[in-house]
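Visitor: Okay, here's the structure, questions in a sec.
The values are calculated or read from the model by the stated rules, or taken from the named source; none is laboratory data. Just so you know, these numbers come straight off a predicted model, no measurement behind them. Because the Cβ atoms are built from the backbone with ideal geometry, glycine has one as well, and the counts that use them run over all protein chains shown.
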Amino acid sequence: MELVKGIEGSLNRYRILAMVVGVGLATLVFVGMPLQFFANNLVVVKIVGPIHGFFYIAYLASGFDLINKTKWKIWSIIPVVLAGLVPILAFVVENITTKKVRAEFNLDQTK
């Protein structure tokens, strides 16, 4: 497929936000929630929760931008949506999406 203007930038934004959202959700689920339930400590949840929520919205916007630039069908956003809600899934979906975009648009992976 032809090179779409701005696709590399869109992919890079998506990748960065996927990592931030993945780390934030993993921190919430694997650190914050156990502290909340077993130690009655809400510090991590109160700090990381809103930050994760903000970045999740930005992540969804970057996912929509990437899908718009790639001209993929709208239902392609479903894995992106789920990736911000299921721990560790963001890393898997980001990897699959990156490989698919790079292969489909012949992006040089050595930059």
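Visitor: Spot the failing condition for Lys46; the list is (1) closer than 24 Å to Val31 by Cα; (2) at pLDDT below 95, and only one is missed.
Guide: Against the list (1) closer than 24 Å to Val31 by Cα; (2) at pLDDT below 95, Lys46 comes up short only on (2).
Visitor: So, in segment 10-24, of the ones that are out of contact with any helix residue (DSSP H, G or I) (no Cβ under 6 Å at 6 or more places or on another chain) and among the aliphatic types (A, V, I, L, M), which residue ends up farthest from Trp72 (Cα to Cα)?
Guide: This residue is Val23.
Visitor: Would you be able to tell me the number of residues in segment 3-51 that are of a type outside the set (A, V, I, L, M, F, W, C), in contact (Cβ under 8 Å) with a residue 40 or more places away in the chain and over 15 Å from Phe91 (Cβ atoms)?
Guide: Adding up the residues that qualify gives 4.
Visitor: While we're on this one: Report, by residue number, each residue of segment 52-111 that is free of Cβ contacts under 8 Å to residues at least 40 places away in the same chain, in a helix (DSSP H, G or I) and of a type in the set (Phe, Trp, Tyr).
Guide: Once the filter is applied, which keeps residues that are free of Cβ contacts under 8 Å to residues at least 40 places away in the same chain, in a helix (DSSP H, G or I) and of a type in the set (Phe, Trp, Tyr), segment 52-111 yields Phe54, Phe55, Tyr56, Phe64, Trp75.
Visitor: Same structure, new question: Please enumerate the residues belonging to segment 26-75 that are surrounded by fewer than 18 Cβ atoms within 10 Å (Cβ to Cβ), of a type in the set (Phe, Trp, Tyr) and closer than 17 Å to Asn12 by Cα.
Guide: Within segment 26-75, just Phe64 meets the criteria.
Visitor: So for segment 86-97 (the condition being among the hydroxyl-bearing types (Ser, Thr, Tyr), out of contact with any helix residue (DSSP H, G or I) (no Cβ under 6 Å at 6 or more places or on another chain), modelled with pLDDT of 95 or more and surrounded by 13 or more Cβ atoms within 10 Å (Cβ to Cβ)), does at least one residue qualify? Let's see the steps before the verdict.
Guide: Of the residues in segment 86-97, the ones among the hydroxyl-bearing types (Ser, Thr, Tyr) are 97.
Narrowing further to those that are out of contact with any helix residue (DSSP H, G or I) (no Cβ under 6 Å at 6 or more places or on another chain): 97.
Add one more test, that the residue is modelled with pLDDT of 95 or more, and what stays is 97.
Narrowing further to those that are surrounded by 13 or more Cβ atoms within 10 Å (Cβ to Cβ): 97.
Yes: segment 86-97 contains one or more residues that are among the hydroxyl-bearing types (Ser, Thr, Tyr), out of contact with any helix residue (DSSP H, G or I) (no Cβ under 6 Å at 6 or more places or on another chain), modelled with pLDDT of 95 or more and surrounded by 13 or more Cβ atoms within 10 Å (Cβ to Cβ).
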